[in-house]
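**Student:** Would you mind keeping the following structure in view while I ask a few things?
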Amino acid sequence: MKQDMAETVDAALARQAAGEGLPQILEAFPDEGGSLAALLRVREQLALLVEESVPELDPAADRAAFLKVAAARRRQRSARKAVSFGPLLRLKEWMVKERARLVTGHHALKERKMSAFLVKAALALILAVGSIGGTVAVSADSLPGSPVYPVKLAVEDARLALNADPAGDADLHLAYAQERVQEMERVMEGGGAPDQASLNRLQLHLEEALHLAAQQPDEKMKQLMVGAQHVIQTQEALMAQRGEGEGAAVALQLRAAQGMLHRVRQQIEEGLQDPNAFRSRYGAGRPEAAPPQPDVEPGAGPPITHTQPITSPQGAPDGYGPGPGSGPGEPGGNPDCVVPGECEPAGEQYQHRHEGDPPGPPEDAGHEDAGAGPGSGPAGEQNDVPGSGDHHHGDVNGQNGGDNGASGSNGGGDGGGGGNGGH
Amino acid sequence: MRMDKDAARLQQARALDEEVLAAIYDEYHPLIYRYIYRRVGESETARDLSAGVFHRFLQALDDGRGPERHLRAWLYRSAHNAVVDHYRRRQHRRHLPLREDLLDGRENPARQAEQQIAVDQVRRALRALTPDQQQVIVLKFIEGLSNKEVAAILEKTEGAVKSLQHRGLAALQRQLEAGEVRVTV
């Protein structure tokens with residue numbers, strides 16, 4: 001039985017790790033001689049990777065960058081709480097969600113529109129009557145660091161809150177991304193450097209625009225993507241103009257921003273070549289009226305949430321999105337999960353099991369490679385996503401092709417059999 | 001226990017406490033960088049991907065998501081997915097360049113080059129495995145973790161880990177035979 005062979009191989013490997021020689025090990029397992037010997041030699045070849053020297057890093061720079069981003073996020077948190085229009089945006093979202101939750105069927109869309117209308121009316125009244133009218137006008141040209149700059153951002157948030165149409169929101173986000181670029185350009189012309197908060201806002205606007213774009217018809221989606229591409233190209237050109245001689249902190253910031261822009265631009269370029277993949281990657285949380293999306297295939301990119309306002313100072317790849325997931329119906333998956341990687345796992349019953357435990361529900365019985373739950377978080381924990389673009393729904397066999405094809409050169413594939421890997 | 005320690009630290013980390021985040025970074029970054037390097041074989045790429053893992057960690061904390069207890073497992077999974085994503089984007093690149101930084105002149109360059117080719121072939125063969133097989137093989141035989149530790153990271157039973165180990169090694173064997181790797185250990 002294959003499970004016996006797996007146990008035999010494991011026992012042989014343990015002996016090899018303890019320093020026992022090949023002949024002695026094979027003597028202990030006379031029935032499996034030939035195949036066992038080959039596997040033990042493969043294990044030895046892996047030593048090449050162990051022995052390979054790992055180039056050292058200068059930890060200080062990367063560490064500082066990480067902590068800098070954390071500090072920026074702390075400041076953003078405080079700023080979000082301080083912005084007066086923040087609560088109104090949250091109110092709008094809450095009202096829309098609550099009404100949509102309570103009302104089913106074709107009335108849901110109408111109810112959402114009515115709720116949004118009520119909030120819209122309230123906000124419009126405030127803007128029209130309030131004494132902030134004059135301040136709003138003054139703030140329009142302000143730059144980061146100006147006392148009225150928060151008002152400018154608040155007005156932008158209010159406009160987003162007032163607009164109930166996703167396409168309109170996408171246009172606004174793109175316009176605000178362009179505004180951030182222009183602000184940074186003016187700051188740099190004045191001899192300053194873009195601050196981390198501005199870079200974070202730029203990223204947020206770009207990603208929101210792309211997220212909303214994925215919900216639009218093809219033509220509109222493409223228009224938004226090209227618009228975002230243009231914003232990025234402008235910003236990249238701006239940053240390229242910064243010569244050397246900047247302080248270390250500024251250079252680090254610029255490098256982080258360049259890395260972020262490069263990644264987003266790459267995703268746009270890939271999306272322009274493969275719109276379906278772009279939709280499946282960015283289109284999580286689509287409204288009912290959005291065009292149909294292709295099914296997410298194992299190996300395709302994951303839905304990327306639009307709440308990822310982060311820059312990676314070292315230009316690290318980002319945007320992995322919700323993590324490898326079991327989708328709905330996957331072994332161990334949460335049947336109510338519609339966005340892999342963002343759902344609570346199925347439950348404590350899929351906590352770590354131990355040898356000798358009886359074959360359990362789907363995770364063990366029939367697909368040994370299945371992940372334990374959506375997003376692969378440990379059962380009982382939130383699954384944010386150690387996200388993979390390759391979206392491994394419970395690790396489908398043969399995903400990496402080659403000889404490891406789905407059917408199983410292993411005689412039943414990696415998913416065959418039940419229990420603890422029995423074939 | 002590690003899990004209790006992680007749970008307490010993560011609670012503070014969610015508040016983006018600088019000291020706690022620095023401690024987590026200091027403890028886990030070398031591990032994650034090394035793990036990724038061994039998968040991708042390029043230091044700059046490993047550096048970028050590692051930074052991405054930690055920034056996604058920050059993002060998850062800030063969004064109120066992310067690990068509550070199993071921090072190491074979460075980071076390893078994130079690193080694994082980062083590597084898979086990286087290769088997916090580079091799927092058309094079949095040949096890994098010879099890394100001249102390793103030809104340091106101290107050893108016979110021809111031997112060094114041969115060694116490097118063998119390393120790259122093993123690395124390439126690994127990529128042909130399923131993601132779970134790759135994780136088991138790398139965590140067990142390169143990172144040196146036990147079956148129990150690997151099972152915790154992958155959220156599988158130890159029996160499933162052993163099966164993956166068996167199949168992974170068998171698949172690796174076929175890949176290496178097909179690629180005619182000569183080992184010069």
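Every number in this text was worked out from the coordinates using simple rules, so none of it is lab data. Predicted model, so just to flag it, every value in this text is computed and none were measured. Every residue, glycine as well, gets a Cβ built from its backbone with ideal geometry; the counts of neighbours run over all protein chains shown.
**Student:** Taking K and R as +1 and D and E as -1, what net charge do the other residues with C-beta under 13 Å from the C-beta of B:ASP17 add up to? Let's see the in-between values first.
**Tutor:** Details: positive: A:ARG73, A:ARG74, A:ARG77, B:ARG9, B:ARG14; negative: B:GLU18, B:GLU19, B:ASP62.
Taking every Cβ under 13 Å from that of B:ASP17, the sum is +2.
**Student:** Return the average number of partner chain Cβ atoms within 10 angstrom of each residue Cβ along peptide B:39-51.
**Tutor:** Working: counts 1, 0, 2, 1, 4, 4, 2, 3, 8, 9, 3, 5, 14.
The per-residue average across the peptide is 4.
**Student:** Modelling each spin label as a point 7 Å along the Cα-to-Cβ direction, I'd like the B:ALA15/A:ASP58 distance in nm, to one decimal.
**Tutor:** For the pair B:ALA15/A:ASP58, the computed spacing is 3.4 nm.
**Student:** Moving on. Explain nothing, just compute: Karplus ³J(HN,Hα) = 6.51 cos²θ - 1.76 cosθ + 1.60, θ = phi - 60°, for every residue of the stretch A:226-233 in order, whole Hz, x for Gly and Pro.
**Tutor:** Once θ is set to phi - 60°, the couplings for the stretch A:226-233 become 5, x, 5, 4, 5, 4, 5, 5 Hz.
**Student:** So if we plug the beta-carbon distance of A:ARG41 and A:HIS230 into 1/(1 + (r/R0)^6) with R0 = 56 Å, what FRET efficiency do we get, rounded to 0.05? Intermediate values should be presented prior to the final figure.
**Tutor:** Numbers: r = 56 Å, r/R0 = 0.99.
E between A:ARG41 and A:HIS230, to the nearest 0.05, is 0.50.
**Student:** Checking the a/c ratio against 1.5 first, then a/b against b/c, what shape does the Cα gyration tensor give for the stretch B:9-83? Show your work: numbers first, answer last.
**Tutor:** On the way: a/c = 2.14, a/b = 1.86, b/c = 1.15.
Judged from the Cα gyration tensor, the stretch B:9-83 comes out prolate (a/c at least 1.5, a/b above b/c).
**Student:** Can you give the translational diffusion coefficient of the stretch A:1-47 in µm²/s, computed by Stokes-Einstein from the Kirkwood radius over Cα pairs at 25 °C and 0.890 mPa s?
**Tutor:** On the way: Rh = 10.5 Å.
My calculation gives 233 µm²/s for D.
**Student:** Right, next: Can you tell me which of A:173-182, A:198-207, A:143-152 comes out highest on packing, and rank the rest after it, using the mean Cβ neighbours within 10 Å? List each step's numbers first, then the result.
**Tutor:** Details: A:173-182: 21.2, A:198-207: 24.0, A:143-152: 15.8.
The densest-packed peptide leads the list: A:198-207, A:173-182, A:143-152.
**Student:** Using each residue's phi in the stretch B:32-46, evaluate 6.51 cos²θ - 1.76 cosθ + 1.60 at θ = phi - 60° and report the 3J(HN,Hα) Karplus result to the nearest Hz, with x for Gly and Pro.
**Tutor:** Result, ordered by residue: 5, 4, 5, 4, 5, 4, 5, 7, 10, x, 10, 5, 5, 5, 4 Hz.
**Student:** Label points 7 Å out from Cα along the Cβ direction at A:GLU51 and B:LYS5: separation in nm?
**Tutor:** 3.3 nm
**Student:** Right, another one. Estimate the FRET efficiency between A:GLU27 and A:ALA240 by the formula 1/(1 + (r/R0)^6), using the beta-carbon distance for r and 56 Å for R0, to the nearest 0.05. Walk me through the intermediate numbers first.
**Tutor:** Details: r = 66 Å, r/R0 = 1.18.
Computed FRET efficiency for A:GLU27 and A:ALA240 comes out at 0.25.
**Student:** Which pairs, out of A:LYS68/B:LYS156; A:LYS68/A:LYS222; A:LYS68/B:LYS140; B:LYS5/B:LYS140; B:LYS5/B:LYS156; B:LYS5/B:LYS162, put more than 31 Å between their alpha-carbon atoms? Numbers along the way, then the final one.
**Tutor:** Numbers: A:LYS68/B:LYS156 36 Å; A:LYS68/A:LYS222 35 Å; A:LYS68/B:LYS140 34 Å; B:LYS5/B:LYS140 24 Å; B:LYS5/B:LYS156 22 Å; B:LYS5/B:LYS162 28 Å.
Pairs exceeding the cut-off: A:LYS68/B:LYS156; A:LYS68/A:LYS222; A:LYS68/B:LYS140.
**Student:** Then there's this: Taking amide hydrogens as modeled 1.01 Å from N in the peptide plane, which residues meet the under 5 Å criterion relative to B:GLU68, leaving out close sequence neighbours?
**Tutor:** The list, which skips near neighbours in sequence, is A:GLN382.
**Student:** Pop the C-beta distance of A:ASP165 and B:ALA113 into the FRET formula with R0 = 60 Å and round what comes out to the nearest 0.05. Display every interim value, and only then the final one.
**Tutor:** Working: r = 60 Å, r/R0 = 1.00.
FRET efficiency, A:ASP165 to B:ALA113: 0.50.
**Student:** A follow-up question, please. Give me a comma-separated list of calculated 3J(HN,Hα) values for the stretch B:66-72, in order, Karplus coefficients 6.51, -1.76, 1.60 applied at θ = phi - 60°, integers in Hz, x for any Gly or Pro.
**Tutor:** x, x, 9, 9, 8, 5, 4
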